[in-house]
Amino acid sequence: MTHLEQQLQQHKISLPSECYQKYRIFGEELLKWNKIHNLSGVSSIESVEDNILDSLYPLKFIDDFQNCMDVGSGGGFPAMALAIAKPTARFFLIEPRIKRSSFLKNITLELGLNNVSVLTHRIQEVPITEVNNLDLITSRAVMDAKELIYLTRKFLKNEGYFLLYKGLNFRKEMPHMSVEECFERDRRIYYYKKGKDI
């Protein structure tokens, strides 16, 4: 994971060495499971590193947070990458597909991530009694932004934020967004905005 460490340092993101050990184990396990279960599009340790960098890049500009819900966590991006980097923050990973949630539960145990809970639910089924008053809601390429915001806003605290990882077609989903709410890197748009202001 030396290449990943160098890339993150270029973006002024500094992590302890134990994070990179966990990223290595996470990457190896994801590739192993992927061969059997087709959990995500990653096919090499380099593509794992690229996805981790994509997941962590917003640490450059987002506020600190104590808890986060990730919708449609898939193979673990961005939530698992963020949970390793932010061990004092609580993470709720929402993944309805059994094979993917099984992988997430397995790797959570293997890495000893006490800050992660994996819920095998569709977002419409997540009980507000279990997940609420959140600082941050993340999601990467799961559904239309307006629909996702509509379904999840109730879980956010008043000052909580959405952080959506989107492609360049995002401008069609949210045509009225302002430039200040969007951070771009390569072909990725990171949409970061307070829920109450949307």
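Here are the numbers:
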{"item": "Considering residues of region 51-69 that are part of a helix (DSSP H, G or I) and in contact with a Leu (Cβ under 7 Å, 6 or more places away or on another chain) only, the residue surrounded by the fewest Cβ atoms within 10 Å (Cβ to Cβ)", "result": "Leu53"}
{"item": "Hits in region 37-95 (condition: more than 16 Å from Leu8 (Cβ to Cβ), of a type in the set (D, E, K, R) and either modelled with pLDDT under 95 or over 9 Å from the mean Cα position of the chain (by Cα) (or both))", "result": "Asp63, Asp64, Arg90, Glu95"}
{"item": "Total residues in region 78-102, condition surrounded by fewer than 24 Cβ atoms within 10 Å (Cβ to Cβ), assigned to a loop (DSSP other than H, G, I, E, B) and in contact with a helix residue (DSSP H, G or I) (Cβ under 9 Å, 6 or more places away or on another chain)", "result": "4"}
{"item": "Scope region 144-165; condition within 17 Å of the chain's Cα centre (by Cα) and either aromatic (Phe, Trp, Tyr) or more than 17 Å from Ile123 (Cβ to Cβ) (or both); matching residues", "result": "Phe155, Tyr161, Phe162, Tyr165"}
{"item": "Flag for Lys166 being farther than 30 Å from Trp33 by Cα and free of Cβ contacts under 8 Å to residues at least 60 places away in the same chain", "result": "no"}
{"item": "Every residue from region 128-158 that is farther than 13 Å from Gly72 by Cα, part of a loop (DSSP other than H, G, I, E, B) and touching a strand residue (DSSP E or B) at 6+ places or on another chain (Cβ under 9 Å)", "result": "Glu130, Val131, Asn132, Asn133"}
{"item": "Qualifying residue in region 40-50 (condition: among the charged types (D, E, K, R), crowded, with 20+ Cβ neighbours inside 10 Å and under 25 Å from Cys182 (Cβ atoms))", "result": "yes"}
{"item": "All positions within region 117-139 that are under 15 Å from the mean Cα position of the chain (by Cα) and at pLDDT below 95", "result": "none"}
{"item": "Members of region 138-197 found to be surrounded by 14 or more Cβ atoms within 10 Å (Cβ to Cβ) and acidic (Asp, Glu), listed by number", "result": "Glu173, Glu181"}
{"item": "Filter result (at pLDDT 95 or above and either over 25 Å from Leu53 (Cβ atoms) or of a type in the set (Gly, Ala, Ser) (or both)) within region 159-193", "result": "Glu159, Gly160"}
{"item": "Count - residues of region 168-197 that are among the acidic types (Asp, Glu) and in contact with a helix residue (DSSP H, G or I) (Cβ under 6 Å, 6 or more places away or on another chain)", "result": "1"}
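The values are calculated or read from the model by the stated rules, or taken from the named source; none is laboratory data. This structure is a prediction, so every number in the text was calculated from the model and none was measured. With ideal geometry, Cβ positions are generated from the backbone for all residues, glycine too; neighbour counts draw on all protein chains shown.
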